[in-house]
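**Student:** Provided herewith is a single structure, encoded as structure tokens, for subsequent inquiry.
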Amino acid sequence: MRKSLIDLGYPPDAPQMRIDGIASFCAAFQRTAQRFPGALAMRTIDDEIRLTWSEVNNRVRRVAGSLAALGLGPGGTVAFAMGNRPEHQIADLAALHLGAAGMSVYQSLPPVDIAYNVGDTGSRIVVTDPSMEEAVRRAVLEHGLKVDHLVVLDRPSVEPLERVSVHTAADFEQLTPPADFDFEASWRAVTGGDVAVVIYTSGTTGFPKGVELTHHNLLVLADGFAEVAPLPAGRRMLSAMPLAHMGERTFSFYLWALQGHAITFCPDLRKLNELYLDIRPAILFFPPRSLERFKVRIDQAVEHEPDPLRRAQMQRAIQLGISVAQFQQRGEQAPPELVAEWEALTDVRKSLLEVCGLDGIEYCVVGGAYVPVDLMEYFIGLGLPAREGYGLSECSGSLAPGRLSDDYRIGYAGPPASDVEVRLAGDGEILARGPRVMKGYRNQPEATAAAIDEEGWLHTGDIGTVNDIGQIKIIGRKQEIIINSNGKNMSPGRIETRIKVAGQLIGILIAVGEARDFVSALVVPDDDGVAAYRRRHGIPDSVTLAELTEDADFRAAVQAQIDRGNKTLSAVERVRNWTFVTDDWRPGGEELTATNKLRRRSVLSKYAARIEEMYQ
């Protein structure tokens, strides 16, 4: 552990911070800064930036003045296109103190989507760094993004951009606020009903929707964790997942600011394993894929343990833990002798968690994608205080946060937060109502009305069930969407459209990737496109379609179309593997409706084996 992190500067009797009537998230941050002025608030991994709460507050004040100088004020929105770093959160906090909202952009987004998302928010200011500067510039030059100001960090000088004022960080900090700018009055005027953040979801139509969450939404969200994980201030946290993701924002931004913790920013996910070992964080949000990686590391440590006796103890600790967790899963008490042996191996189990730097975890939520039951059994059995959570951006990211309680059932999330009403519609769709539900979708009143009915119920689109202790299990979705193994939501329709319009050889493309590491696709050749290809290359009709799909040149031509389409998609959306389907699909059959619409679920079921082969 780094020596610099041993003393965080928090008092040993630090309380657990609650909202206690606070009206805005600005007020919550200000209270934390006043209560722990000299305690560590944020740092970079090399300690080049290491700030106390008082220092963060001073920087927020300065950045707010500069943003005000560029015209940002109440009701405005500023976009952040950069990685996880202190400046990201400081600028976001500064915007909140002006009564404006923040919007973070995924680093993987292509310029065309950056242009859409930023433009949809109405942001006239973009703050970026070298990791995304080029993509932002292309969004302006090639895709019509209209902004007034671009602030570029880490550059001593910047290239001009047509019709945009470009600022270095040094220039930005020297801007003079308006004469009437009053930082204190500005943040005190912010109300709970003001929009604080816009989170973009993938939707299912190919066009993202901007979820507007208010200060009150975020306060209720963060305060709710006091019920499920009663932890005092001063815990170590790690910010690594994209801040465009509501799960990451919940923990490393909103929970951090309300409760008062010390956060380290990870700018490069390739350094994440080292950082877990270095920091030993206490509170985290995990996508299931992270746990899968940790399991691999633990299993490798067991396999390479040189002492046979020690290796046998490790293996036994894992086996016992899984057995105990399985009894828990069934709602039963494990036999006393089994529990006694499991507890006797506590030090061994802790040493296995130490392999990944997870031994300091006091509470973590696993969510954002399907969570395999056997994966949770493995880690619960090792003693990791992990819980499954369920939520979506439209309900501030969390409807049913996992609780540190003995009646937890693996495979279920929740029960629902105490401030949320949840019920199942007649078709099993999960409906939710309460102060976590979004204000609405930005610029999409019809979509908002479709999502939130007249009685205030949010229609989640998820089909679920509830067990005997009130916990929720998701068993399907009403609308088609892909959630990969890292919790990224993707619209299959969007992926399919982008690739099909990139050429003429693909008639139908079915994107798959649910709970997978990457997207693959079933490809049905286009009749007219194939006919044109035959004419161009002198291929007679006697060569069957099945034979043609084995031809290297034809496959390369299809791959070229996929490559062109992939360039218009984000990195996680891109099709990395595909296979031809040459069966005869007829309208009214099991693959297509009478009106020639795709029966997606039927296709995925019929070709499950083919799909599985693409992931071997």
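Results for (1) within 20 Å of residue 71 (Cα to Cα); (2) in contact with a Phe, Trp or Tyr (Cβ under 7 Å, 6 or more places away or on another chain), shown as yes or no for each residue.
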site: 93; (1), (2): yes, yes
site: 114; (1), (2): no, no
site: 159; (1), (2): no, no
site: 182; (1), (2): yes, no
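**Student:** Kindly evaluate residue 100 against the criterion of being buried (at least 24 other Cβ atoms within 10 Å of the Cβ) and closer than 16 Å to residue 153 by Cα.
**Tutor:** Answer is no for this residue.
**Student:** Say whether the condition of being crowded, with 21+ Cβ neighbours inside 10 Å, among the hydroxyl-bearing types (Ser, Thr, Tyr) and touching a residue at least 24 places away in the same chain (Cβ under 8 Å) is met by at least one residue in the range 44-64.
**Tutor:** The answer is no; no qualifying residue exists.
**Student:** Evaluate the following for residue 504: is it outside the structural domain of residue 574 (by TED's automatic domain parsing), modelled with pLDDT under 95, among the polar types (S, T, N, Q) and over 23 Å from residue 199 (Cα atoms)?
**Tutor:** Criteria not met by residue 504.
**Student:** Something else about it: If residue 416 satisfies all but one of (1) part of a loop (DSSP other than H, G, I, E, B); (2) in contact (Cβ under 8 Å) with a residue 60 or more places away in the chain; (3) not small (Gly, Ala, Ser), what's the number of the condition it fails?
**Tutor:** Tallying (1) part of a loop (DSSP other than H, G, I, E, B); (2) in contact (Cβ under 8 Å) with a residue 60 or more places away in the chain; (3) not small (Gly, Ala, Ser), residue 416 fails exactly one: (2).
**Student:** Would you please name the residue that is surrounded by the most Cβ atoms within 10 Å (Cβ to Cβ), looking only at residues in the range 152-173 that are β-branched (Val, Ile, Thr) and over 30 Å from the mean Cα position of the chain (by Cα)?
**Tutor:** 164
**Student:** Among residues belonging to the range 109-151 that are closer than 18 Å to residue 210 by Cβ and among the hydroxyl-bearing types (Ser, Thr, Tyr), point out the one that is surrounded by the most Cβ atoms within 10 Å (Cβ to Cβ).
**Tutor:** 123
**Student:** Return the residue satisfying two criteria in turn: it lies in the range 482-505 and is touching a strand residue (DSSP E or B) at 6+ places or on another chain (Cβ under 6 Å) and of a type in the set (Val, Ile, Thr), and of such residues it is nearest to residue 583 (Cα to Cα).
**Tutor:** This residue is 499.
**Student:** I've got another one for you. Within the range 83-167, which helices (runs of 4 or more DSSP H) (wholly inside it) include 3 or more residues that are farther than 23 Å from residue 217 by Cβ and touching a residue at least 60 places away in the same chain (Cβ under 8 Å)? Step through it out loud before you land on a result.
**Tutor:** Working: elements: 86-97, 111-121, 133-143.
In the range 83-167, the matching helices (runs of 4 or more DSSP H) lie at 111-121.
**Student:** Still on this structure, I have one more. Of everything in the range 416-447, what is closer than 21 Å to residue 387 by Cα, surrounded by 13 or more Cβ atoms within 10 Å (Cβ to Cβ) and not charged (D, E, K, R)? Give them in sequence order.
**Tutor:** Once the filter is applied, which keeps residues that are closer than 21 Å to residue 387 by Cα, surrounded by 13 or more Cβ atoms within 10 Å (Cβ to Cβ) and not charged (D, E, K, R), the range 416-447 yields 416, 417, 420, 422, 430, 432.
**Student:** Given 196, 257, 229, 222, which one is among the small types (Gly, Ala, Ser) and out of contact with any helix residue (DSSP H, G or I) (no Cβ under 9 Å at 6 or more places or on another chain)?
**Tutor:** Answer to the selection: 229.
The values are calculated or read from the model by the stated rules, or taken from the named source; none is laboratory data. What you see is a predicted model, and the numbers here were worked out from it, not measured in a lab. Positions of Cβ are backbone-derived with ideal geometry, glycine not excepted, and every protein chain shown enters the neighbour counts.
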